[in-house]
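Only the coordinates and a few stated rules stand behind these numbers; no lab work does. Just so it is clear, the model here is predicted, and its values are computed rather than measured. Because the Cβ atoms are built from the backbone with ideal geometry, glycine has one as well, and the counts that use them run over all protein chains shown.
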Amino acid sequence: MQCTDAGQNTDVLFRFLVQSTKDRAIFGIDLQGHIISWNSGAEHIKGWRADEVLGQHFRMLFPEDYRRQGRPEAELREAFQTGHFQGEEPRLRKDGSLFIAEVDLWLLRNDADHPCGFVKVTQDVTARKQAEEALRQSEARLSAILASLDEGVTLHDVHGTIRFANAAAEEKLGLSANHLMGRTPFDPRWGAIREDGSPYPGEEHPHMRALRTGESVTGDVVGIQQEGGGRIWLSVNARPLRTADGRIAGAVSSFFDMSRRKQEEEERAALLARERAAHAEAKAERQKLYAIFELAPVGIAIFRGAHHVVQYANPVQCQFWERRSEEVLGRPFIELLPEELGPSIIATTCDPVFQKGESRVFTEERFQFTRRSTGERVEHYFNFTHVPMRDQDGTVEGFMAVAWDATDAVRAHQRAAVLTQQLQDRVDFEQQLIGIVSHDLRTPLNAIHLTVGAMARRDELDARTAQSVLRIQSAVHRASRLVGDLLDFTQARLGGGIPIAPRAANLHQVARQVLDQVDAANPGRTLRVQEQGDATGEWDPERLAQVVQNLVTNALKYSPESSPVQVTTRGERDWVGLSVHNQGTPIPPEKLPGIFEPLQRATSEVDSSGRSVGLGLYIVKQLVEAHGGTVDVTSTLKDGTTFNVRLPRGRPAPTGSRGQ
């Protein structure tokens with residue numbers, strides 16, 4: 001269409017533009033609401049042709065419920081009164097479907113400024129509204145998702161400023177959304193630090209790097225200062241947000257609280273450090289212990305596991321096995337043992353320790369085996385101990401063996417036992433011989449004693465013969481005493497003790513009778529007697545007389561003839577005592593402990609009388625102990641020598657060493 005005069009054809013041009021517009025419905029309405037014009041856009045959007053709507057009331061374009069409510073008339077009134085009505089409302093298409101219309105209704109005036117009609121412009125915004133609703137719903141879903149996340153999420157603009165924070169972000173950062181909004185990474189209140197404690201610059205925060213580089217950042221660890229003064233450690237991921245054309249429009253950060261995990265990692269690292277230190281210390285201590293083991297004079301080995309694998313063996317133990325260290329380490333114990341001994345040794349000495357966790361001690365265990373190197377058959381005795389070793393849970397993981405070769409000691413004991421038995425056999429033979437000889441001598445001595453006694457009573461003996469008879473009688477008496485001592489000795493050593501026959505007796509009387517006899521046999525010697533208290537009790541008076549006689553004759557024998565011998569008998573509450581004192585040469589201190597042993601003499605002086613074989617004091621001790629008493633001796637140069645006997649008043653209880 002050609003126009004030569006634009007001014008004259010303005011109406012034509014306006015109508016052309018209106019008619020050619022397809023995306024908007026433009027139509028005219030008279031003051032009563034009837035449609036007076038209809039463009040192609042109206043036909044396109046609403047579906048009616050111009051001939052179908054011209055002259056019709058524009059209420060036909062409204063949904064039925066809107067028509068009942070009088071909405072068409074209300075819109076005309078508002079436009080008439082204000083000059084313009086605008087709204088977004090549903091409108092009806094020819095096919096009965098509805099669409100969302102953006103409506104503008106203007107009042108038209110003529111040149112006289114009188115209302116002359118209306119023009120209505122309608123745009124179908126259904127797609128836009130649907131998109132907006134979809135976006136709203138999407139935003140609602142996104143908000144719900146973000147609110148439900150355990151991870152904190154923040155959105156940042158292109159400057160790094162926080163524009164959104166979900167509930168988890170508020171909780172973890174300890175700030176409300178209002179306090180978080182507008183914060184930048186350069187805010188000193190963050191107090192951000194790295195894992196090593198150094199400051200975390202604002203420009204290096206993950207979302208700032210994502211904005212600067214356009215690349216995602218993952219797994220950055222940042223320490224943030226909270227409002228309450230505590231510190232929270234965050235693991236942060238960030239990625240840039242782009243527009244449809246690829247421009248960076250912001251960034252999103254997600255983070256989770258790793259304070260607990262970091263604390264656990266630090267604790268774990270500290271624990272590992274302590275464990276490493278403990279292992280190092282244990283290894284050092286083990287090396288020290290092994291160094292001690294290396295110098296130990298006994299065999300030491302450590303076995304691990306149910307197969308008793310050798311973990312350690314010191315040189316002595318390797319020598320026992322006749323192998324080098326490298327030949328035994330890491331091998332099961334049974335492989336190191338002689339084939340004929342291995343199974344029994346494992347079953348009896350190793351398995352019980354590992355299975356039951358109980359220590360075992362083995363003494364002088366005998367092993368016979370064939371030596372690998374020479375084929376020689378050898379015999380060894382070992383003492384060894386197996387002690388279980390446990391792990392931290394108390395489970396047995398092995399055992400330690402400590403062993404030493406007892407072969408020499410066992411053989412020495414065997415030789416000593418043989419020698420001891422031989423010596424004992426010899427002693428027994430000698431004692432039995434003494435007993436037999438003493439017993440056999442008593443009969444001829446009794447015969448000689450009776451014969452000499454009869455001869456002494458004859459009146460026709462001359463002086464010389466009588467003197468000879470007296471000498472023979474004295475010799476027989478001494479021999480009888482010697483034989484009696486030997487018989488008592490034999491009875492004490494072989495017969496289980498010297499027999500006694502306790503009955504009522506008085507120690508004062510027994511001592512006086514003995515001293516009268518000794519005084520008569522030793523003219524020229526002084527015997528002093530002192531009696532104190534009640535000295536009665538139940539003893540064997542003949543055996544007590546033997547005790548007194550042996551002690552007194554012993555005192556006379558080992559004291560100068562010019563010195564007296566003091567004999568004291570005394571009675572105490574439950575005991576009676578006998579003391580025999582002389583001023584002879586003191587007994588050497590080294591002889592005192594064995595003075596009451598058989599065949600011992602008080603001094604090294606030779607018995608000039610030849611009447612003693614060293615049994616007197618031994619028999620004294622045996623007789624006193626048979627009565628339940630005690631005997632001891634003190635001897636010094638200043639105080640002389642004193643033998644003290646203490647006897648209980650009552651009858652002694654029978655034992656294996658006392659007869660009746």
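Seen from all directions on average, the stretch 149-257 presents a Cα convex hull projection of 6.4 nm².
The packing ranking, built from the mean of other Cβ atoms within 10 Å per residue, places the peptides 356-363, 36-43 in the order 36-43, 356-363, highest first. The Cβ shell under 11 Å around ARG261 holds other residues with a net charge of -2, Lys and Arg each +1, Asp and Glu each -1. Label-to-label distance, ALA144 versus GLU132, with points set 7 angstrom from Cα along the beta-carbon direction: 2.2 nm. For the stretch 496-648, the alpha carbon convex hull comes to 112 Å³ per residue, rounded to a whole number. Can you work out the FRET efficiency for the pair HIS114 and LYS94, with r the C-beta to C-beta distance and R0 = 41 Å, to the nearest 0.05? It comes to 0.75.
Here the gap between ALA249 and THR536, fully extended at 0.36 nm per residue and compared with their Cα-Cα distance, gives a gain of 90.2 nm. Each peptide among 298-306, 181-189 gets the average number of other Cβ atoms lying within 10 Å of its residues, and from highest to lowest they stand as 298-306, 181-189. In this simple spin-label approximation, GLU265 and THR374 carry label points 7 Å from Cα along the Cα→Cβ vector, and these lie 6.8 nm apart. Radius of gyration over Kirkwood radius for the stretch 136-198, both on Cα atoms: the Rg/Rh ratio is 1.03.
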